[in-house]
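A.B. asks: Have a look at the structure that comes next, please.
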Amino acid sequence: MRTTIRASLLAAVLFNVFLAASVHGDWKQDWEKTVAAVEKEGEVSIYGQPRAGVGKAILSFKDAYPKIKINFVGGSGSDLSKKIMAEKRAGRHLVDIGIGGGGSMVLIYHKAGILQPLPPLMILPEVTDQTKWWSKKHLYSDPEGQHVFMAQGDSGSGIAAINTNFIKSGEIRSWWDLLAPKYKGKFVMTDPDSAGNIGSWRFLYYSPDLGPKFITRLLTETQVAFGGNEHQMMDWVGSGKFHMHVLAKSENTANARKQGLPVMQIFSEKEGDTIASGSGHIIAFKNNPHPNATKVYLNWFLSRDGQLIWQKLTGRNSFRTDIAKDMIPNKDEQIPKEGGKYLLSSLPQYEDVEPLRKLVDEVLAQVKQK
């Protein structure tokens, strides 16, 4: 009996070893075959966000794969979506990969049915192993959890960038502090119709600490100005034309500080926080011209090396948990804490922005009538 049990156990162990070796061999052969094929394709076409270090991070792929040319088209989510949809309607399939904000990716590309599911394109074990990622799983913005991958997530994205000549550190501790009369007409804010920044507005709308009540009061009581160009709004704050840029992205604030502008990012100390995925989404288009290059780029981007470069150049927190975090400028605020109260604004349950836009349109119409 013991001999039979030992023989069965030995057979099981040998089978598992054989299976592991087989799987290992399969992915390795697949990867080598794909890399060989991509060198024949010779290029990959990427449409993405050129903001601050994001563009540099996207292009750093060339250091790992110098034989592959990158055709990069930079622009805002809104501008790129117009370009891509026009190309698709004309039957021109020019783009392989998109990297940037999730708004356009989910609300335009995914709804149009022009995205590939990403899991079949993942080859490297370090990419497919979901235990290496925050929350022990891959996070997606689309309802199917297949098409719009969230590689980045920062908590403590902050309330605004302030001009420190006019507003002191610690003066504003809550979103509700923005309603104080002394700030009336003193701040500019990202346009709610900008698809590339819709995640920040989602947080305001869906946060149980803020919601429609806060948005209504913000729009009716503060004489807020709206802008669509993030760099211009930061320049306005740096020059003193406005004292705050509400919903400013922290990497833009950090970049402005390096340029000598008197600005700093301020954070909420009272309300629940958001986890913003910012420009850290990646997608692959159907009918893409360079399918092998798409696979190689996706796997590199989501690898340890790719995400470490992303963190270094963007200053944003990668959802990979098996890489160093010491290069993140505000890591105590940016890295989500276990058990913290967060709203991950790019999750599918917060996808519907029509109620938000309807509310904003109605409130702004009332403001204009006064």
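The values are calculated or read from the model by the stated rules, or taken from the named source; none is laboratory data. Owing to the predicted nature of the structure, the values given are computational and were not obtained by experimental measurement. Neighbour counts run over all protein chains shown; Cβ positions are idealised from the backbone, glycine included. In case anyone asks, the SASA skips ligands and DNA or RNA and just uses the protein heavy atoms, side chains included. Shrake-Rupley method; radii C 1.70, N 1.55, O 1.52, S 1.80 Å.
A.B. asks: Scan region 32-65 for residues that are modelled with pLDDT of 90 or more, outside any helix (DSSP H, G or I) and either hydroxyl-bearing (Ser, Thr, Tyr) or open to solvent by less than 50 Å² (accessible area, probe 1.4 Å) (or both) and jot them down.
C.D. replies: Across region 32-65, the qualifying residues are 42, 44, 45, 46, 47, 48, 60, 65.
A.B. asks: Cβ contacts < 6 Å: first residue of a type in the set (Ser, Thr, Tyr), restricted to region 349-368; second residue open to solvent by less than 80 Å² (accessible area, probe 1.4 Å) and modelled with pLDDT of 90 or more, any location; separation 6+ or different chain. Result?
C.D. replies: 350/206
Rundown of residues vs (1) surrounded by 15 or more Cβ atoms within 10 Å (Cβ to Cβ); (2) among the charged types (D, E, K, R); (3) more than 22 Å from the chain's Cα centre (by Cα), yes/no style:
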{"residue": "159", "(1), (2), (3)": "yes, no, no"}
{"residue": "190", "(1), (2), (3)": "yes, no, no"}
{"residue": "236", "(1), (2), (3)": "yes, no, yes"}
{"residue": "240", "(1), (2), (3)": "no, no, yes"}
{"residue": "248", "(1), (2), (3)": "yes, no, no"}
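A.B. asks: Evaluate the following for residue 222: is it closer than 17 Å to residue 362 by Cα, of a type in the set (S, T, N, Q) and buried (at least 19 other Cβ atoms within 10 Å of the Cβ)?
C.D. replies: On the way: closer than 17 Å to residue 362 by Cα: yes; of a type in the set (S, T, N, Q): yes; buried (at least 19 other Cβ atoms within 10 Å of the Cβ): yes.
Answer is yes for this residue.
A.B. asks: Taking residue 11 and the conditions (1) open to solvent by less than 80 Å² (accessible area, probe 1.4 Å); (2) at pLDDT below 95; (3) under 20 Å from residue 291 (Cα atoms), which numbered condition does it fall short on, given that it satisfies the others?
C.D. replies: (3)
A.B. asks: Only residues that are outside any loop (DSSP other than H, G, I, E, B), touching a strand residue (DSSP E or B) at 6+ places or on another chain (Cβ under 9 Å) and under 13 Å from residue 282 (Cα atoms): list them for region 118-162, please.
C.D. replies: 121, 140, 149, 150, 152 - these are the residues of region 118-162 that are outside any loop (DSSP other than H, G, I, E, B), touching a strand residue (DSSP E or B) at 6+ places or on another chain (Cβ under 9 Å) and under 13 Å from residue 282 (Cα atoms).
A.B. asks: Quick one: which helices (runs of 4 or more DSSP H) lie wholly within region 163-270 and hold at least 3 residues that are farther than 26 Å from residue 335 by Cα and not polar (S, T, N, Q)? Break it down into steps so the answer makes sense when it comes.
C.D. replies: Numbers: elements: 198-206, 211-221, 230-239, 250-258.
Here the list reads 211-221, 230-239.
A.B. asks: Quick one: is residue 308 at pLDDT 95 or above and either surrounded by 18 or more Cβ atoms within 10 Å (Cβ to Cβ) or not in a loop (DSSP other than H, G, I, E, B) (or both)?
C.D. replies: yes
A.B. asks: Looking only at region 98-117, filter to residues that are open to solvent by less than 40 Å² (accessible area, probe 1.4 Å) and in a helix (DSSP H, G or I); which one of those is nearest to residue 52 (Cα to Cα)?
C.D. replies: 102
A.B. asks: Select from region 333-362 the residues that are assigned to a loop (DSSP other than H, G, I, E, B), open to solvent by 70 Å² or more (accessible area, probe 1.4 Å) and under 21 Å from residue 214 (Cβ atoms) and list them in ascending order.
C.D. replies: 341, 352
A.B. asks: List, please: which pairs have Cβ atoms under 7 Å, are six or more places apart or on different chains, and start with a residue in region 238-250 that is in contact (Cβ under 8 Å) with a residue 24 or more places away in the chain and end with one that is among the charged types (D, E, K, R)?
C.D. replies: The qualifying pairs are 242/186; 243/186; 244/186; 249/230.
A.B. asks: Next up: For residue 292, are the conditions met, namely being open to solvent by 20 Å² or more (accessible area, probe 1.4 Å), assigned to a helix (DSSP H, G or I) and at pLDDT below 95? First the steps, then the outcome.
C.D. replies: Details: open to solvent by 20 Å² or more (accessible area, probe 1.4 Å): yes; assigned to a helix (DSSP H, G or I): yes; at pLDDT below 95: no.
Criteria not met by residue 292.
A.B. asks: Residue check: is residue 171 farther than 30 Å from residue 138 by Cα and acidic (Asp, Glu)? Full working, then the answer.
C.D. replies: Values: farther than 30 Å from residue 138 by Cα: yes; acidic (Asp, Glu): yes.
Against the criterion (farther than 30 Å from residue 138 by Cα and acidic (Asp, Glu)), residue 171 qualifies.
A.B. asks: What number of residues in region 71-93 are open to solvent by 30 Å² or more (accessible area, probe 1.4 Å), within 25 Å of residue 230 (Cα to Cα) and in contact (Cβ under 8 Å) with a residue 24 or more places away in the chain?
C.D. replies: 8
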